[in-house]
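Working notes, structure below.
The values are calculated or read from the model by the stated rules, or taken from the named source; none is laboratory data. All values reported here derive from a predicted model rather than from experimental measurement. Here Cβ is always computed from backbone atoms with ideal geometry, including for glycine, and neighbour counts include all displayed protein chains.
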Amino acid sequence: MAKASEIKVGNILRFNGELVTVVEFIHRTPGKGGAFYLGKFRNIKTSRIVEARLNTDEQVEICRVETNDYQYLYEEGDYFVVMDNNTFEQFSVSKALFGQSARFIKEGMDVLVSLEGEEPIMAQAPNFVELEITYSEPAVKGDTSSGALKTATTENGVELKVPLFVNQGDRIKVDTRTGEYVERVK
């Protein structure tokens with residue numbers, strides 16, 4: 001347990017039984033009464049913002065979170081099996097922790113996983129991945145006047161919009177946060 005005065009932005013706390021990350025933490029000293037802290041916390045599971053007022057000597061629990069790179073091995077139902085690159089220990093991480101970027105993860109890729117004790121609480125795919133186009137329609141001649149896009153399917157089955165010059169067999173870079181095409185990789 002720690003005092004509220006020891007909290008810093010970026011800390012992960014157990015607040016009202018939920019894991020939250022500190023987004024904003026401001027010290028206030030009004031003219032009347034004692035000083036206090038105003039905090040904005042983001043719930044790790046729901047991403048909802050919670051605001052709270054804490055006294056300077058109020059006790060809070062700062063969680064010890066360990067974040068490391070792990071190698072993605074394979075998919076098992078609603079879980080991804082990952083391996084620690086140092087100890088070769090394997091464990092399962094829920095797909096839901098990766099959010100929308102889960103569909104871009106492929107075998108052998110390094111992912112970032114945060115653990116509190118033995119429980120994974122946050123997971124993140126790399127910001128950019130390189131994927132091969134397995135199917136795309138041929139470009140229609142004369143349809144290039146205004147940055148036209150066509151649908152293409154990647155090696156892991158994801159369909160996304162790419163420029164007309166991208167063909168089957170090309171490798172492309174995709175932003176996993178937005179799911180958009182970035183560039184063709186040579």
Where GLU180 falls short, out of the listed (1) of a type in the set (D, E, K, R); (2) surrounded by 12 or more Cβ atoms within 10 Å (Cβ to Cβ); (3) under 24 Å from the mean Cα position of the chain (by Cα): (2)
Positions within segment 3-20 being without any contact (Cβ under 8 Å) to a residue 40 or more places away in the chain and in a strand (DSSP E or B), in sequence order: GLU18, VAL20
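Going by the structure shown, is VAL129 under 14 Å from ASP69 (Cα atoms), touching a helix residue (DSSP H, G or I) at 6+ places or on another chain (Cβ under 9 Å) and not in a helix (DSSP H, G or I)?
No: the conditions fail for VAL129.
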Specify which of the listed residues (GLU130, GLU119) is at pLDDT below 90 and either over 24 Å from SER47 (Cβ atoms) or acidic (Asp, Glu) (or both). GLU119
Give me the strands (runs of 3 or more DSSP E) completely within segment 21-108, filtered to those with at least 2 residues that are surrounded by 13 or more Cβ atoms within 10 Å (Cβ to Cβ) and at pLDDT 90 or above, ordered by residue number. 36-43, 49-55, 65-76, 79-84, 90-94
Based on this model, can you work out whether GLY39 counts as of a type outside the set (Phe, Trp, Tyr) and either over 14 Å from GLU58 (Cβ atoms) or within 19 Å of the chain's Cα centre (by Cα) (or both)? no
